[in-house]
Amino acid sequence: MKRHLPVITIFLGSFLLFGVQPLLGRTLLPSFGGTAAVWTVCLAAYQTLLLAGYFYAHTISRRAMRTQRVAHTALMVLAAVWTAGFALCRPALKAWIGNSAAPALEVLFCVLFFAGLPYVLLSAGSTLVQAWLAAVGKSGDCGVYRLYAVSNLGSFLGLLAYPFLLEPYVPLTVQWLGFAVCLAVYAALLWYTG
């Protein structure tokens, strides 16, 4: 099982990374509508957060491996708690969003505030796990390219699962709570993988 842990960790991280995008879109849709401007701002924010995650992975990978693991796992736990808090406060927050004169800026703020931390950390996860495996000489076990393929499969299934398995059947607050629980599971997997 320990040998498959990096594969499971990378798959789950990628699944969550691409699963949060439609989840947040569904959350913002009633307040802002589905105009092209809303989706363009979301897309730009996700790409910026992805780049920030890669920069974070590059920066933290210069530290000792134990420091990387402890810091990244602790931040993932914080992201899980943040997301659970958002899930519980979301109904009250609904009254506060969607009322400004600058909806594009408000959408950007919502994306950054509601999902920014988990998104940045999840986008760094695959890179960090692969770096950890390379540092201890275990990347040959699974192969870096296989791990990249696992990441792509997780991303694809994360996008595909939302409209067919989650959105029609699970209430939005439960979806956010489930996302928070999955972040906590992912943090535990990171701890044991590192």
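Looking across the stretch 82-99 at every residue that is aliphatic (A, V, I, L, M), open to solvent by less than 60 Å² (accessible area, probe 1.4 Å) and at pLDDT 90 or above, the one that is farthest from THR173 (Cα to Cα) is identified as ALA84.
When the stretch 176-194 is limited to residues that are small (Gly, Ala, Ser) and surrounded by fewer than 19 Cβ atoms within 10 Å (Cβ to Cβ), the one that is farthest from LEU159 (Cα to Cα) turns out to be ALA188. The selection criterion, being closer than 27 Å to ARG69 by Cα and modelled with pLDDT of 95 or more, holds for LEU153. Of all residues in the stretch 100-119, those that are open to solvent by less than 60 Å² (accessible area, probe 1.4 Å) and without any contact (Cβ under 8 Å) to a residue 24 or more places away in the chain total 2.
The values are calculated or read from the model by the stated rules, or taken from the named source; none is laboratory data. Quick caveat, the model's predicted, so the values are computed rather than measured. Cβ atoms come from the backbone with ideal geometry, glycine included; neighbour counts cover every protein chain shown. We work out accessible area using only protein heavy atoms, side chains counted, and drop any ligands, DNA or RNA first. Shrake-Rupley method; radii C 1.70, N 1.55, O 1.52, S 1.80 Å.
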